[in-house]
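Asks: Following this message is one structure expressed as structure tokens.
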Amino acid sequence: MTDDRLRMTPGPTEVPAAVRERMSEPTPNPDVEPEFFEFYRTLTDKLEAVYGDDDIAILGGEGILGLEAAIASLVEPGDRVLCIANGLYGEGFADFVEMYDGEAVICDGPWTAPLDLEAIESRLEDGSFDVATMVHCETPTGVRNDIGPVLDVLEEHDVISVVDAVSSLGGVPVPTDRIDVCLGASQKCFSAPPGLTVCSISDRAWAKIESVETNGLYTDLEPWRDAADEEWFPYTHLSSNLYGLETAIDLLLEEGLETVFERHEAAATRCRRRAADLGLSLYPDDARSSPTVTALAVDGDAGQLQESMADDHDIVLATGLGDLEDDVLRIGHMGHNARIDRVDRTMDALEAVLE
Ligand SMILES: Cc1ncc(COP(=O)(O)O)c(C=O)c1O
């Protein structure tokens, strides 16, 4: 691995030097030093600027832990959960629901189609759901779902919403104030290393969490409600990662969220224009593509293109996932990597590889 390797994957993203330096600070004992809890409270306050006013819980573990913890903490045996899906992560929520003995009612459609609002409304009609899950940006297809109308109908039916915004939060606007449990992770648009998952939790979600007897500790969100005030974490926290996350959030807030969103839009637009110039089309289409990741339809060539980009140009890209592994090449332009010069270096290299 060389120093000028460019990692344009849809997470983990490049970690800026300031974040890496911050992580090399002396390691505190998060269990016994009161200053650490002070620091933790400051960090959760800063995260509220990104996640909205709900309580924040930062768990030691990467994104999947947040997804599992949300289900483990909100769902008790027999609960019916509407799993709204048009992609890999949306479908994956149903596995967690069943793992925790809930009843997953899947409202899914093709990965290329938008969320089906009519189908969602008709499922909700019987009024028997406590919780619904969905994904804001389906990273494997690069699709950003229009979740506003879905949140409207969930509100009408008084259903708790769980939204995976792992690959969009901090890069594009997310209607966090209307989401009960909003899930993000350190290594995507925040550009901190993998290792932390951040959940925002509304009062009504807390009420449900408190009513559920969760088996397990690592996946239980309940102890996090008062962790900072009671100065007790359920396990030794990842202090260096938390330091890094604070610096990453400082960078984001100093730049300003609106400016950051514009930077993501500009990087995505550049990437897609250059892809079109190369005769490449988007999977599935431009209108719904997330400003954080571009998925290109490459018809069986994804692995070979990925290899040539790494070997010949020192640029790391991602292929598709699941059935799309060979047919989709993904370029992440999120977080620190949402910059025109990085997109241009990537697309210059892709042009050379295609030639
Ligand atoms: C939409 C989405 N949700 C969840 C995850 C899981 O995150 P992690 O890889 O940090 O476990 C990912 C990772 O790529 C993702 O893209």
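The values are calculated or read from the model by the stated rules, or taken from the named source; none is laboratory data. Because the structure is predicted, anything quoted here is derived from the model rather than measured. With ideal geometry, Cβ positions are generated from the backbone for all residues, glycine too; neighbour counts draw on all protein chains shown. When the accessible area is computed, the model is the full protein with side chains, heavy atoms only, and any ligands, DNA or RNA have been set aside. Shrake-Rupley method; radii C 1.70, N 1.55, O 1.52, S 1.80 Å.
Asks: Can you report the number of residues in segment 180-197 which are away from the ligand (no atom under 11 Å from the Cβ) and among the hydroxyl-bearing types (Ser, Thr, Tyr)?
Replies: 1
Asks: Among Leu115, Leu154, Leu183, which is assigned to a helix (DSSP H, G or I) and either in the same structural domain as Ala207 (by TED's automatic domain parsing) or buried (at least 24 other Cβ atoms within 10 Å of the Cβ) (or both)?
Replies: Details: Leu115 fails: assigned to a helix (DSSP H, G or I); Leu183 fails: assigned to a helix (DSSP H, G or I).
It is Leu154.
Asks: Further question: Somewhere in segment 265-288, is a residue under 23 Å from the mean Cα position of the chain (by Cα), surrounded by fewer than 21 Cβ atoms within 10 Å (Cβ to Cβ), more than 28 Å from Asn86 (Cβ to Cβ) and among the acidic types (Asp, Glu)?
Replies: Within segment 265-288, none of the residues are under 23 Å from the mean Cα position of the chain (by Cα), surrounded by fewer than 21 Cβ atoms within 10 Å (Cβ to Cβ), more than 28 Å from Asn86 (Cβ to Cβ) and among the acidic types (Asp, Glu).
Asks: Let me ask you something else. State whether the residues of segment 345-352 include one that is under 23 Å from Ser168 (Cβ atoms) and buried (at least 16 other Cβ atoms within 10 Å of the Cβ). Reasoning before the result, please.
Replies: Within segment 345-352, the first condition is being under 23 Å from Ser168 (Cβ atoms), and the residues that meet it are 346-347.
If we keep only those that are buried (at least 16 other Cβ atoms within 10 Å of the Cβ) too, we end up with 346-347.
The answer is yes; a qualifying residue exists.
Asks: Of the residues Gly11, Gly90, which is closer than 30 Å to Asp311 by Cα and either within 16 Å of the ligand (Cβ to nearest atom) or open to solvent by less than 40 Å² (accessible area, probe 1.4 Å) (or both)? Write out each step before concluding.
Replies: Numbers: Gly90 fails: closer than 30 Å to Asp311 by Cα.
Step by step, each of Gly11, Gly90 is checked, and only Gly11 is closer than 30 Å to Asp311 by Cα and either within 16 Å of the ligand (Cβ to nearest atom) or open to solvent by less than 40 Å² (accessible area, probe 1.4 Å) (or both).
Asks: Take the residues in segment 33-60 that are in contact with a Ser or Thr (Cβ under 6 Å, 6 or more places away or on another chain) and open to solvent by 10 Å² or more (accessible area, probe 1.4 Å), then tell me which one is modelled with the lowest pLDDT. Outline the logic, then answer.
Replies: Taking segment 33-60 as the starting set, the residues that turn out to be in contact with a Ser or Thr (Cβ under 6 Å, 6 or more places away or on another chain) are 51-52, 54, 56, 59.
When the remaining residues are screened for being open to solvent by 10 Å² or more (accessible area, probe 1.4 Å), the result is 52, 54, 56.
Details: Gly52: 92, Asp54: 87, Ile56: 97.
The extreme case among them is Asp54.
Asks: Using the structure shown, decide if Glu138 is assigned by TED's automatic domain parsing to the domain that holds Cys199, surrounded by fewer than 16 Cβ atoms within 10 Å (Cβ to Cβ) and of a type in the set (D, E, K, R).
Replies: The answer is no for Glu138.
Asks: Six or more apart or on different chains, Cβ under 8 Å: which pairs go from a residue in segment 229-257 that's closer than 18 Å to Asp31 by Cα and assigned to a helix (DSSP H, G or I) to one that's of a type in the set (S, T, N, Q) and open to solvent by less than 40 Å² (accessible area, probe 1.4 Å)? Could you list them?
Replies: Asn241/Ser186
Asks: Looking at (1) within 12 Å of the ligand (Cβ to nearest atom); (2) surrounded by fewer than 24 Cβ atoms within 10 Å (Cβ to Cβ); (3) not aliphatic (A, V, I, L, M), can you tell me which one Asp177 breaks?
Replies: Just one mismatch for Asp177, condition (1).
Asks: Please work out if Thr9 is within 21 Å of Ala185 (Cβ to Cβ), touching a residue at least 60 places away in the same chain (Cβ under 8 Å), in a loop (DSSP other than H, G, I, E, B) and of a type in the set (S, T, N, Q).
Replies: yes
Asks: A follow-up question, please. With the requirement that a residue be part of a loop (DSSP other than H, G, I, E, B), among the aliphatic types (A, V, I, L, M) and either free of Cβ contacts under 8 Å to residues at least 24 places away in the same chain or under 16 Å from Pro140 (Cβ atoms) (or both), what does segment 314-355 give you? Break it down stepwise before answering.
Replies: Filtering segment 314-355 for residues part of a loop (DSSP other than H, G, I, E, B) gives 314, 317, 320-321, 325-327, 333-334, 338-339, 355.
From what's left, among the aliphatic types (A, V, I, L, M): 317, 321, 334, 338.
Across segment 314-355, the qualifying residues are Leu317, Leu321, Met334.
Asks: Further question: Any idea which residue in segment 136-164 is farthest from Ile331 (Cα to Cα), counting only those that are among the β-branched types (Val, Ile, Thr) and more than 11 Å from the ligand (Cβ to nearest atom)? Talk me through it step by step, then tell me what you get.
Replies: Step one: list which residues in segment 136-164 are among the β-branched types (Val, Ile, Thr), which gives 139, 141, 143, 147, 150, 153, 159-160, 162-163.
Retained after the next criterion (residues that are more than 11 Å from the ligand (Cβ to nearest atom)): 147, 150, 153, 159-160, 162.
Working: Ile147: 23, Val150: 28, Val153: 33, Val159: 35, Ile160: 33, Val162: 27 Å.
Of everything passing the filter in segment 136-164, Val159 is farthest from Ile331 (Cα to Cα).
Asks: Quick one: Ser167 ticks every box in (1) part of a loop (DSSP other than H, G, I, E, B); (2) more than 17 Å from Phe93 (Cβ to Cβ); (3) within 15 Å of the ligand (Cβ to nearest atom) bar one, so which box is it?
Replies: Here Ser167 clears every test but (2).
Asks: Out of the residues in segment 77-87 meeting the condition of being in contact with a Phe, Trp or Tyr (Cβ under 8 Å, 6 or more places away or on another chain) and open to solvent by 20 Å² or more (accessible area, probe 1.4 Å), tell me which one is farthest from the ligand (Cβ to nearest atom). Full working, then the answer.
Replies: The initial filter retains those residues of segment 77-87 that are in contact with a Phe, Trp or Tyr (Cβ under 8 Å, 6 or more places away or on another chain), namely 77, 80-83, 85-87.
If we keep only those that are open to solvent by 20 Å² or more (accessible area, probe 1.4 Å) too, we end up with 77, 80.
Values: Pro77: 25, Arg80: 23 Å.
Out of the qualifying residues, it is Pro77.
Asks: Follow-up. Name the single residue that is farthest from the ligand (Cβ to nearest atom) among those in segment 118-135 being surrounded by 15 or more Cβ atoms within 10 Å (Cβ to Cβ) and farther than 21 Å from Arg204 by Cα. Quick ask: steps written out before the conclusion?
Replies: In the first step, residues of segment 118-135 are kept if they are surrounded by 15 or more Cβ atoms within 10 Å (Cβ to Cβ); the result is 120-121, 123-124, 129-135.
Filter once more, so that each one left must be farther than 21 Å from Arg204 by Cα: 120-121, 123.
Working: Ile120: 19, Glu121: 24, Arg123: 22 Å.
Applying the filter and picking the extreme gives Glu121.
Asks: Is there a residue being open to solvent by less than 50 Å² (accessible area, probe 1.4 Å), within 16 Å of the ligand (Cβ to nearest atom), under 21 Å from Pro10 (Cβ atoms) and in contact (Cβ under 8 Å) with a residue 12 or more places away in the chain anywhere in segment 103-111? Steps first, please.
Replies: At the first step, the residues of segment 103-111 found to be open to solvent by less than 50 Å² (accessible area, probe 1.4 Å) are 104-105, 107, 109, 111.
If we keep only those that are within 16 Å of the ligand (Cβ to nearest atom) as well, we get 111.
Adding the requirement that they be under 21 Å from Pro10 (Cβ atoms) leaves 111.
Within this subset, residues satisfying the condition of being in contact (Cβ under 8 Å) with a residue 12 or more places away in the chain are 111.
Yes.
Asks: While we're here: Do we find that Arg288 is of a type in the set (Lys, Arg) and modelled with pLDDT under 95 in this structure? Don't jump to the end; show me each part of the working.
Replies: Values: of a type in the set (Lys, Arg): yes; modelled with pLDDT under 95: yes.
Against the criterion (of a type in the set (Lys, Arg) and modelled with pLDDT under 95), Arg288 qualifies.
Asks: Hey, another quick one. Quick check: anything in segment 191-204 out of contact with any Lys or Arg (no Cβ under 8 Å at 6 or more places or on another chain), buried (at least 17 other Cβ atoms within 10 Å of the Cβ) and in a helix (DSSP H, G or I)?
Replies: no
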